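In what follows, a structure is listed as structure tokens, so that the remarks can point back to it.
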Amino acid sequence: MMKQQKYFVSGNEAVALGVQRSRTQVVTAYPITPQTVAMERLSEMVADGELRTEFMLVESEHSALSAAMGASAMGTRTFTATSSQGLLYMAECLHYASGGRWPIVMMNANRSVALPWSIFGDQRDSLSLLDSGWIQVYVEDAQEAFDMIIQAFAIAEDEQVLTPVMVNLDGFTLTHTYEPVFVPTQEAVDAFLPPYQAPVKMDLDRPLNMAFSSTPPNNMEFKYQQHQAMEAARPVIAQVEQAFHAHFGRAYGGLIDAYRCDDAERILVTVGTVTGTARQAVDQLREQGQKVGLLKIRFMRPFPHEEVARALRHARAVGVLDRDISFGYEGTVFTNVNSALIGNKVVPPALNFIAGLGGRDIGVEDIEKMFERLAAAMDGKAAKRVEFIHLGVATDE
Amino acid sequence: MNNAVFSSRNMTEQEFFFGHKACAGCGGALAVRLALKVLGERTFAALPAGCMSAVGFIYPQMAFGINAIISTFAGTASMLAGMAAAARAQGLEDVHIVGFAGDGGTADIGIQALSGAIDRGERIIYICYDNEAYMNTGTQKSGLTPLGARTTTTPDGSVVGGSTTKKKNMFDIVAAHGIDYAATASIGYYQDYMNKVLRASQCGGTAYIHVMAPCPTGWGIPTEHALTIARESVDCGLWYLAEYSQGKYRLNQRPETFTPVEDYLRKQGRFKHLQSDDIAQAVRDRDARWQYMLTQWSDA
């Protein structure tokens, strides 16, 4: 195993280190809380000569991704980062980048969406853009953030995939929390991640017209290919993780990460940093002899429908924790999990817990409450399908 | 500045924009075609949503002989900047990164990205082909539609007749950034335009050219009059040929006498409804603009 240096860094700084180690050729930056520190660290690396990249301080998020697309279309490895309002401001460009099949990697610091204004975390920003054609991965800690930036380039640039990747970090909880992170040497990362060789790019020897218009007789075929590329990403994600493990000794379970699920009667599904809290709750309940488990969904696109169904197939009750709500229905993660369960003919009672919106803390006791609800549902008692956890106002019920 | 001069005699026969489906007499298509003759094959172009992208990139028939890409409507200048950054990252030398955007794509939705690119000193050439309305969507008012002009969103109604706002002054806005090179031009004076494209490509920084490019369809003129009306816009003084570089403005052409504004306006369907006091207003605005240019631009 290659020697790795231990850093004590925040999630934002881990991302910056990942961008540096990936030898990213073009970085476009526009500040937004809580992503800013990632861009500040990259700026410092450029100023100190530790990062050789074309570093662009653009004037908006829309331009950040527009410039990234221009750079990627020319065949360079390209990175940008955003959050919340910024992500929504670049929404047009998200669809554009995936349709253009440009393997851009973008960090998104998950943050609530106005109104009301809030700089604090939930996942309503990125989940509202699930249909934009980006691979979406959600990481749990700074080490996973660093590792996934590097893996994201390998996945995005694979010729079968050529699809942009959004690496999501919970705002503040992860972006601003300091942890030890093992950082391999540049040479070691180079051995894992070779320079990007774009199979299609603007080229002086072979001029191309790109990002063109299509007509009804051919538009759907382009969209079908995009879908196929996303499907092709499933095995590529696994292969990239295997190779990463071989190089650096770390693995995260692929599309999902099941924890104490094998004999679990009740399983809670989580996305992002709340998984750490949930793991602690599961351990405590297990000590009390309760058969509970935890399923962390790492990739929301491509969605791991088979893996989710397999992990949940013996559960007698399933809960989905959403830091999101699609008003008028339910949490988006819940919708996706339910679809996976029904599609695979796994139909335990399933409850949706809406929690942690706008930075509301989710404690171990909240997780325990969710497992209590699942116990009741398992015993056939009536339960609310969608429940807001830890509300500070009186509700009708 | 280089002394090389383009003329109809030494202009290359090579074409880089053909086979498109632009309307007959399209001023925008000519502006793109002529600029690419100057810039040549080591050129990367970006064009936002608009006429030139709509007529040039319909899969599988691609009309550009150089590398070209459609940008988002608002993102022409930022996509160009990203392309320029990638060219530097790859060590590409002696290349031109050029954008062609319409008046709406430049003065309205794209002005933020353009301002940012000028501020950063990006090595790009940004060409605004101005046909004074959103022509691709069927002639709606833009920030560069002149006062009184009839568009589908500023109709000649019984209460309001045509556009109630004046044309935004993009040349001054761009120059106020302290840009490396800016110029106005008209396809009616195509040799002047082509030489400005050449100077833009040699300025070593950010360049902006604002070229008057009539749209026969939207203006209500015969297709064969596009060039003459473009020339007349300059001759009557409503448009002007100027340059800005190193902090100084220069007028390239200072007519002794202007041709009548009324003649220019009356030839166009979009101005057919104007009354004599509307025309008098246009003349007053023209004279005020010239007064400003002649007095404020000390080097004019």
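Couple of notes before you dig in:
- Estimated [θ] at 222 nm from DSSP helical runs (n ≥ 4, -39500 (n - 2.57)) normalised by residues in chain A, nearest 500: -12500 deg cm²/dmol
- Working note: Karplus 6.51/-1.76/1.60 with θ = phi - 60° gives region A:300-310 the couplings 8, 8, x, 7, x, 5, 5, 5, 5, 4, 5 Hz, where Gly and Pro are set to x.
- For B:I69, residues with placed amide H under 5 Å, excluding near neighbours: A:M210, B:A45, B:A46, B:L47
- Residues with amide H under 5 Å from that of A:V58, placed H, sequence gap 5 or more: A:A29
- Qualifying lysines (Cα of each under 28 Å from Cα of A:K6; at least 8 residues distant if same chain): A:K296
- Among B:Q90, B:Q253, B:Q275: highest mean-square fluctuation, GNM of chain B, C-alpha pairs under 10 Å: B:Q90
- Rounded to the nearest 10 degrees, the inclination of helix A:216-248 to the longest alpha-carbon principal axis of chain A is 80 degrees.
- For a label point 7 Å along the Cα-to-beta-carbon line of A:E265, residues of region A:345-384 with backbone N under 11 Å: A:375-380
- Along each principal axis, taking the top coordinate minus the bottom one, the Cα set of chain A gives 69, 54, 42 Å in descending order.
- Summing charges over neighbours of A:D205, with a neighbour being any other residue whose Cβ is under 12 Å away from its Cβ, gives +1 when K and R count +1 and D and E count -1.
- Taking a Cβ cut-off of under 14 Å around B:F6, the surrounding Lys, Arg, Asp and Glu residues balance to a net charge of +3, with basic ones at +1 and acidic ones at -1.
- Projected area averaged over orientations for the protein assembly as shown, convex hull of C-alpha atoms, nm²: 35.1 nm²
- Spatially proximal lysines relative to B:K168 (Cα-Cα < 25 Å; intrachain offsets below 8 disregarded): B:K141, B:K196, B:K248, B:K267, B:K272
- Cα long-axis angle, helix B:27-39 against chain B (0 to 90 degrees, to the nearest 10): 30 degrees
- Our helix-only sum for chain B, with -39,500 (n - 2.57) per DSSP H run of n ≥ 4 divided by its residues, gives a mean residue ellipticity at 222 nm of -10000 deg cm²/dmol.
- For the segment B:220-231, counting C-beta atoms of other chains within 10 Å of every residue's C-beta and taking the mean gives 0.
- Net +/- balance of residues flanking B:Y193 in space, Cβ distance below 13 Å, scoring K and R +1, D and E -1: +2
- Fraction of alpha-carbon pairs over 18 Å apart in region A:256-388 - percent: 47 percent
- Candidate residues A:V139, B:V95: accessible-area rank, largest first, probe 1.4 Å: B:V95, A:V139
- Where only alpha carbons of region B:73-227 are counted, the Rg and the Dmax (Å): 16.5, 60
- In sequence order, calculated HN-Hα J values of region A:77-89 (Karplus, 6.51, -1.76, 1.60; Hz; x Gly/Pro): 6, 9, 9, 8, 8, 7, 6, 6, 4, x, 4, 5, 5
- Hull volume in cubic angstrom per residue (convex hull over the Cα atoms of region B:27-296): 119 Å³
- Sequence-ordered 3J(HN,Hα) estimates for region A:128-136 from the Karplus curve with 6.51, -1.76 and 1.60 and θ = phi - 60° stand at 6, 10, 4, 8, 7, x, 9, 5, 10 Hz, glycine and proline given as x.
- Amide H within-cut-off set for B:Y249, under 5 Å, with H built and near neighbours excluded: B:D299
- Modelled label reach - B:Y292, point 7 Å along Cα→Cβ, region B:227-243 residues with backbone N closer than 17 Å: B:237-243
- Packing, taken as the mean count of other beta carbons within 10 Å per residue, orders the peptides B:76-83, B:178-185 from highest to lowest as B:76-83, B:178-185.
- Whichever aspartates and glutamates have a C-alpha closer than 19 Å to that of A:K381, once near sequence neighbours (fewer than 8 apart) are set aside: A:E265, A:E368, A:E372, A:E397
- Between region B:279-300 and region B:65-81, the Cα center-to-center distance that results, in Å: 34 Å
- Number of partner chain Cβ atoms within 10 Å, mean per residue of A:18-31: 1
- Separation between Cα centres of region A:190-237 and region B:224-245, rounded to whole Å: 43 Å
- Per-residue average of Cβ from other chains inside 10 Å of B:62-74: 6
The values are calculated or read from the model by the stated rules, or taken from the named source; none is laboratory data. Predicted, not measured: the structure shown is a model, and the values here were computed from it. Cβ atoms come from the backbone with ideal geometry, glycine included; neighbour counts cover every protein chain shown. To get the accessible areas, we keep the full protein, side chains included, count just its heavy atoms, and leave off ligands, DNA and RNA. Shrake-Rupley method; radii C 1.70, N 1.55, O 1.52, S 1.80 Å.
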